[in-house]
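Student: Let me give you the structure first, and then I'll get to my questions.
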Amino acid sequence: MSAKYYAPTGGHPGQEQLLTDRAVFTDAYAVIPKGTMRDIVTSFLPFWNKTRLWVLSRPLSGFAETFSQYIMEVAPGGGSSRPETDPGAQGVLFIVEGTVTITVNGKEHALTPGGYAYLPAGQLWSLYNSSDEVARFHWIRKSYEAVDGLDYPEVIIANENDIAPTVMPETDGKWATTRFVDPADLRHDMHVTVVTFEPGAVIPFLETHVMEHGLYVLEGKAAYRLNQDWVEVEAGDYMWLRAFCPQACYAGGPGKFRYLLYKDVNRHMALRPAAALAFTASS
C-alpha cells in the first residue's frame, strides 16, 4: 500500500481566526507549522512557469548553513527546462502529490508520490507537469563539496514504496529509515531519507550531534524535544535544527509518525571561513 503524504495548498484563514499558532524561531531550532504556508508567503523562481513555492529553510550565518529546502507547487502545463541556475548545487526531489516528468540524460522519468530523484551538481535536467492535476514536491539543494580522489555521484531515480526500510537496532521494529543512498558511499555529502516511527515509539535519548537537520512531517503527529523545549508537531509541519541541537521524540499515534529528513554528512569540518579557504587556495 502506497504511503500518503501531507502537502500544503495555500489559501488564507478567515478574518475571524485567532492569531495564535505554533510557529517559533530560536537560536537552536525553528518550527514552521503547516498553518503558516499561505498564499501570501509563496515565492517564485526564474525560468519556472506556472510554479510557486514555499521556502522552508535557507543558509543563515550562525544557524543552519548548508542547505535550502522548498515545497514546489507546479500547475498543469508548468515546469522548467532550466530549473537549477547554480552549477555547484546538487539537489534531491521528493514527490508528495501529483505526477511530474523529469528528463535527465535524454531519458524521461515519471515521478509519482514517494518518487525520489538525486541530481548531481552540474547535471542538466528539466521537469514538467504534463498531468491535469497540481503536483507538489520537496526540492532540497546543497552546494556539493567535492573531494580529490572521489568521483561525483550519479543520478538516482527511485520511489520509497520500492525500498525496504532499515530498522534501527534494538527498537523491536518500531523505528526505521528508508534510505535512497548507501550510507557507505562517501561520494555523497548529504542524505535525504524517510524516517518512520510506529505509534508510541520514541527516540529514547537526546540526539546531540554535528549534522544540521531539516525535518518535514509527512504523516502523523508527535511530541518532539528540541533543545530544552517540547513541541507538538503534525503532518505538514517543518522543523529546522542547527548543528548540535538536542532532539528526541514520542510518536503520538494513532497512526505512524513519518518525516522527510535532510542531514549533511561525510565531510571534514571546515576549520576556516570559506573566504579564507579561497585565499589559501589561490596563494
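Read the figures in this text as sums done on the coordinates, not as results from a lab. Keep in mind that this is a model prediction, so the values were computed, not measured. Heads up, the Cβs are rebuilt from the backbone with ideal geometry, glycines too, and the neighbour counts pull from every protein chain shown.
Student: List the residue pairs whose Cβ atoms are under 7 Å apart, where the first residue sits in the stretch 8-23 and is surrounded by 10 or more Cβ atoms within 10 Å (Cβ to Cβ), the second is in a loop (DSSP other than H, G, I, E, B) and polar (S, T, N, Q), and the two are 6 or more positions apart or on different chains.
Tutor: GLY10/THR42
Student: Just for the stretch 178-204: of the residues that are in contact with a helix residue (DSSP H, G or I) (Cβ under 8 Å, 6 or more places away or on another chain) and touching a residue at least 24 places away in the same chain (Cβ under 8 Å), which one is farthest from LEU261 (Cα to Cα)?
Tutor: PHE180
Student: When you go through SER81, SER126, SER68 one by one, which is the residue that is of a type in the set (Ser, Thr, Tyr) and closer than 26 Å to THR36 by Cβ?
Tutor: SER68
Student: Please state which of the following conditions THR42 fails to meet, knowing it meets all the rest: (1) farther than 22 Å from SER130 by Cβ; (2) touching a residue at least 40 places away in the same chain (Cβ under 8 Å); (3) out of contact with any His (no Cβ under 9 Å at 6 or more places or on another chain).
Tutor: So THR42 meets the others, but not (2).
Student: Could you check the stretch 30-51 and list, in sequence order, the residues that are closer than 17 Å to GLY236 by Cα and not small (Gly, Ala, Ser)?
Tutor: VAL31, ILE32, PRO33, LYS34, THR36, MET37, ARG38, ASP39, VAL41, THR42, listed by residue number.
Student: Taking TRP175, is it touching a residue at least 24 places away in the same chain (Cβ under 8 Å) and under 17 Å from TYR116 (Cα atoms)?
Tutor: no
Student: Under 6 Å between Cβ atoms, which residue pairs at least 6 apart in sequence (or on different chains) link something in the stretch 205-234 that is more than 29 Å from PHE137 (Cβ to Cβ) with a partner that is part of a loop (DSSP other than H, G, I, E, B)?
Tutor: LEU206/PRO246; THR208/PHE244; THR208/PRO246; ASN227/ALA28; ASN227/CYS245; ASN227/PRO246
Student: Here's a check for you: in the stretch 238-260, which residue that is in contact with a Ser or Thr (Cβ under 7 Å, 6 or more places away or on another chain) and of a type in the set (A, V, I, L, M, F, W, C) is surrounded by the fewest Cβ atoms within 10 Å (Cβ to Cβ)? I'd like the intermediate steps shown before the answer.
Tutor: Of the stretch 238-260, the ones in contact with a Ser or Thr (Cβ under 7 Å, 6 or more places away or on another chain) are 240, 244, 246, 256, 258.
Within this subset, residues satisfying the condition of being of a type in the set (A, V, I, L, M, F, W, C) are 240, 244.
On the way: TRP240: 26, PHE244: 13.
Across the stretch 238-260, the extreme among qualifying residues is PHE244.
Student: Continuing with this model, one more query. List every residue pair whose Cβ atoms lie under 7 Å apart, where the two residues are 6 or more positions apart in sequence or sit on different chains, the first residue falls within the stretch 55-71 and is touching a residue at least 24 places away in the same chain (Cβ under 8 Å) and closer than 12 Å to LEU260 by Cβ, and the second residue, located anywhere, is of a type in the set (Lys, Arg) and outside any strand (DSSP E or B).
Tutor: Close Cβ pairs satisfying both conditions: none exist.
Student: Report those strands (runs of 3 or more DSSP E) wholly inside the stretch 217-276 carrying at least 1 residues which are among the acidic types (Asp, Glu).
Tutor: Answer list for the stretch 217-276: 229-234, 257-264.
Student: Now for a separate question. Within the stretch 189-220, which residues are buried (at least 18 other Cβ atoms within 10 Å of the Cβ) and more than 19 Å from ALA64 (Cα to Cα)?
Tutor: VAL194, VAL195, THR196, PHE197, ALA201, ILE203, LEU218, GLU219, GLY220
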